[in-house]
Structure formats: C-alpha cells, structure tokens
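The values are calculated or read from the model by the stated rules, or taken from the named source; none is laboratory data. In this text, all values refer to a predicted model and were calculated from it rather than measured experimentally. Because the Cβ atoms are built from the backbone with ideal geometry, glycine has one as well, and the counts that use them run over all protein chains shown.
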Amino acid sequence: MIALTPEPPYYAVIFTSVRTKVNEGYNDMALHMIELAEQQPGYLGHESARNETGITVSYWNSLNAIKNWKQNTEHLLAQQYGKEKWYTQYKTRICLVERDYEFEAI
C-alpha cells in the first residue's frame with residue numbers, strides 16, 4: 001500500500017538492506033517497529049518491499065522527528081540486533097521531499 005502523505009515538504013528516510021539467513025525474531029521485531037513508529041510524533045507513514053534487497057521508506061514531518069525515532073530505546077535495540085544477526089549490509093538515506101505526484105486507476 002502507498003502511504004498517504006501530506007503536501008510537501010516533508011522528509012523521507014530510505015532504509016535499504018541485505019538480510020542474513022537468520023530469521024529468528026526478525027518478523028516480530030519488524031512488526032513491532034512499524035507499530036512503534038506509528039506512535040511517534042511526526043510519523044506520516046511508510047512503504048516497504050523485499051526481495052534480495054529490502055527497501056523501507058518512512059515519512060516524517062521534520063528532521064527532529066527522525067532524530068527522536070532513531071534515538072528511541074526500542075528502536076536502538078532493533079538496530080543492534082540488525083547489526084548482530086539480521087543484516088549483512090544496510091544504508092539509511094534522509095531526504096527532503098519537495099514535490100510529489102500520483103496516479104491511481106479508477
């Protein structure tokens with residue numbers, strides 16, 4: 001599903017990752033992180049896809065909201081587990097969305 005974001009400007013955090021073969025606990029933690037992010041001030045939505053490379057884009061109303069999310073205690077624990085067992089590689093990019101447009105078949 002495509003996130004319903006407000007009129008720009010807003011911010012996008014693009015998390016691109018390559019997984020290890022370890023699955024234990026990953027799905028539960030991923031679902032918990034979504035639930036937790038949805039409760040954070042400034043959260044606007046997210047989109048996610050995974051094949052060999054996973055991409056999750058979350059949307060935020062400010063850089064401060066992104067900073068607070070990154071420093072969330074439970075999110076810090078998930079980041080630690082990710083480095084220790086779930087990812088062989090990842091990259092995070094923070095972008096300012098200045099313009100967006102869409103199409104939807106009716």
Being within 14 Å of the chain's Cα centre (by Cα) and surrounded by fewer than 17 Cβ atoms within 10 Å (Cβ to Cβ): is that true of L96 here?
no
For the stretch 4-28, which residues satisfy the criterion of being farther than 14 Å from E84 by Cα, surrounded by 14 or more Cβ atoms within 10 Å (Cβ to Cβ) and not β-branched (V, I, T)?
Y10, Y11, A12, F15
Mind counting the residues in the stretch 80-89 that are buried (at least 16 other Cβ atoms within 10 Å of the Cβ) and either in a strand (DSSP E or B) or without any contact (Cβ under 8 Å) to a residue 12 or more places away in the chain (or both)?
1
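Tell me whether the stretch 32-41 contains one or more residues that are part of a loop (DSSP other than H, G, I, E, B), of a type in the set (D, E, K, R) and closer than 21 Å to I2 by Cα.
Taking the stretch 32-41 and keeping what is part of a loop (DSSP other than H, G, I, E, B), we get 39-41.
Of the ones still in play, those that are also of a type in the set (D, E, K, R) are none.
No, every residue in the stretch 32-41 fails to be part of a loop (DSSP other than H, G, I, E, B), of a type in the set (D, E, K, R) and closer than 21 Å to I2 by Cα.
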Can you find a residue that is of a type in the set (G, A, S), without any contact (Cβ under 8 Å) to a residue 24 or more places away in the chain, in contact with a Ser or Thr (Cβ under 8 Å, 6 or more places away or on another chain) and under 15 Å from V13 (Cβ atoms) anywhere in the stretch 29-48?
yes
For the stretch 50-69: of the residues being in a strand (DSSP E or B) and at pLDDT 95 or above, which is surrounded by the most Cβ atoms within 10 Å (Cβ to Cβ)?
W60
Could you tell me which numbered condition A105 fails, if it satisfies all but one of (1) among the small types (G, A, S); (2) outside any strand (DSSP E or B); (3) surrounded by 13 or more Cβ atoms within 10 Å (Cβ to Cβ)?
(3)
